[in-house]
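The structure under discussion appears below in the form of structure tokens.
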Amino acid sequence: MSVLRLLYFARVREAIGRDGEEIERPAMAETIADLVDLLAARGGGYAEALADRSRLRAALDQRFVPLDAPLADARELALFPPVTGG
Amino acid sequence: MSVLRLLYFARVREAIGRDGEEIERPAMAETIADLVDLLAARGGGYAEALADRSRLRAALDQRFVPLDAPLADARELALFPPVTGG
Amino acid sequence: MIRAAITSAAPDIAAELARLEALGGGGIASFTGIVRGEDGLAALELEAWPAMAERALGEIAGEAAARWPLLGVTLLHRHGVLEVGERIVFVGTAAAHRAPALEACAFLIDWAKTKAPFWKREHRDDGSRRWIEARHADDAAAARWG
Amino acid sequence: MIRAAITSAAPDIAAELARLEALGGGGIASFTGIVRGEDGLAALELEAWPAMAERALGEIAGEAAARWPLLGVTLLHRHGVLEVGERIVFVGTAAAHRAPALEACAFLIDWAKTKAPFWKREHRDDGSRRWIEARHADDAAAARWG
């Protein structure tokens, strides 16, 4: 069983109420979107933070990737809204 | 009889050997090009400075104009190569 | 010279431009993003993903250096809470001629806005806070560089 | 704010940018032209038509302000004999957003190069002097603005 480190930023972090956590990688989650579904099913802040997939972005091991990317053996997944710096 | 002030810059000034002069406006010169022909006919530095019309530019009373522009009642004519500042 | 960093202090623009001028090029271009005063805005907070931000800025700067013949690229982005009038981001380029310096400068700020992990939140005079939404216009501006 | 001038001293870029930053905009763009070191080049002479140069620079700056929503435009051009590494021209713009600031900055330097009465002459190490020829590429760059 492997551990996946989750990071949350900006609106996602705020809605979930924490800036990250470590979870056991769910056997059923093949893609990022699968994992997001499982997280959103927790309800509460998770459901709110992850409801609008059009405003959700992800990075696997510090690489920006689309939500349908496979989790594969990544060790870190970050979830956040589209960036607005600059 | 009216006086026309001529100004020369850069390569034109250098070839003619002075930065300007005042002349009596020639009755036969309707356009700048006509006047340039008369000046070039003086020979020497004038002929050299004014030989290549493709590399000659003009301003009448401090307005850039084409060589076929009429002299009209302008009081100042500047002749110079294409600008190269910036 | 590639210089990319996330900073908490305001960039010293004279010093940054002097570094770029010293590289022997004929043209130096720069862009500085400033917190713009708006009705009811008390401050602008820049949240960053520090571990990734500096690498992302470095990659954007490297991409500019790969696309244009540049002698130098500087890309500095702040994080933290900034007052109105403060500098958020500084982009600077040095090249032999003006076209690559100016084009790369526009590219760098377009990509920094859409590909670096920073998020803006407004602090309002009434004490409320509001996350800034990403703008389609920024995505379009970034997309024009292919 | 429109600030256009012909100067003999080098522009103080930090001071010029500070003026532009103080106008309340969100984006400041700048371009600085530098005497580029080339084999055999001792110095670069900028001959100006002083009576017309300042007016021409003012008109170019005014044209930029008419075409883009700018809070400030600065266009400073030097004359005289300049050493390698010295600043020849400084262009700065301030706007609410980055696109007009960056575009106007490119426009200003393109027009300054083709519509302001300055002429460059190289002073070579061997004592000779050579007038710089106008470049077709500069005319093309200026023409793209219509």
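Once a ≥ b ≥ c are taken as the square roots of the eigenvalues of the Cα gyration tensor of the stretch A:3-80, is the result rounded (a/c under 1.5), prolate (a/b larger than b/c) or oblate (a/b not larger than b/c)? Rounded is the answer for the stretch A:3-80, as its axis ratio a/c remains below 1.5. Residue order for A:D37, C:D138, fewest other beta carbons within 10 angstrom first, comes to A:D37, C:D138. The value of relative contact order for the stretch A:1-71, using C-alpha pairs under 8 Å at least six residues apart, is 29 percent. Convex hull of alpha carbon positions in the stretch C:33-146: directionally averaged projected area 7.4 nm². Directionally averaged projected area (the protein assembly as shown, Cα convex hull): 25.9 nm². Each other copy places its own label point for C:H136 at 4.2 nm from this one, sorted shortest first, where the point lies 7 Å along the Cα-to-beta carbon line. Cα centroids of the stretch D:93-146 and the stretch B:55-86: 19 Å apart.
Once C-alpha pairs closer than 8 Å and six or more residues apart are averaged by separation and normalised to the residue number of the stretch C:54-146, the relative contact order reads 23 percent. When B:R53 is represented by a point 7 angstrom out along its Cα-to-C-beta vector, the spacings to that point in the other copies are 7.2 nm, nearest first. Near B:G17: Cβ cut-off under 14 Å, other residues only, Lys/Arg at +1 and Asp/Glu at -1. The net charge is 0. The 3J(HN,Hα) values that the Karplus relation (6.51, -1.76, 1.60; θ = phi - 60°) gives for the stretch D:6-17 are, in residue order, 9, 10, 9, 7, 5, x, 8, 5, 4, 5, 5, 5 Hz. Gly and Pro appear as x.
For C:G40, the shell of other residues with beta-carbons less than 11 Å away shows a net charge of -3, using +1 for Lys and Arg and -1 for Asp and Glu.
Closest approach of any chain C Cβ to the axis that rotates C onto D belongs to C:A14, 2, distance given in whole Å. Each other copy holds its own label point for C:R67; taking that point as 7 Å from Cα along Cα to Cβ, the gaps run 2.2 nm, nearest first.
Spacing of the modelled spin labels on C:D12 and C:D126, each 7 Å from Cα toward Cβ, amounts to 4.2 nm. Summing charges over neighbours of B:F80, with a neighbour being any other residue whose Cβ is under 12 Å away from its Cβ, gives +1 when K and R count +1 and D and E count -1.
Each of the peptides D:57-65, C:81-89 was scored by the mean count of other Cβ atoms within 10 Å over its residues; in descending order, highest first, they stand as D:57-65, C:81-89. Here the stretch D:3-43 is scanned for amide nitrogen atoms under 16 Å from the site 7 Å beyond the Cα of D:W145 along Cα-to-Cβ, giving D:3-5, D:29-33. Looking down the axis that turns chain A into chain B, the chain A residue with its beta carbon nearest that axis, and the gap rounded to whole angstrom, comes out as A:G86, 14. Applying 1/(1 + (r/R0)^6) with r as the Cβ-Cβ distance of A:A41 and C:E86 and R0 = 41 angstrom yields a FRET efficiency of 0.45.
Taken together, the values in this text are just the output of simple stated rules run on the coordinates, not laboratory data. Predicted model only: the values in this text are computed from it and were never measured. Using ideal geometry, Cβ is built from the backbone for each residue, glycine included, and neighbour counts are taken over all protein chains shown.
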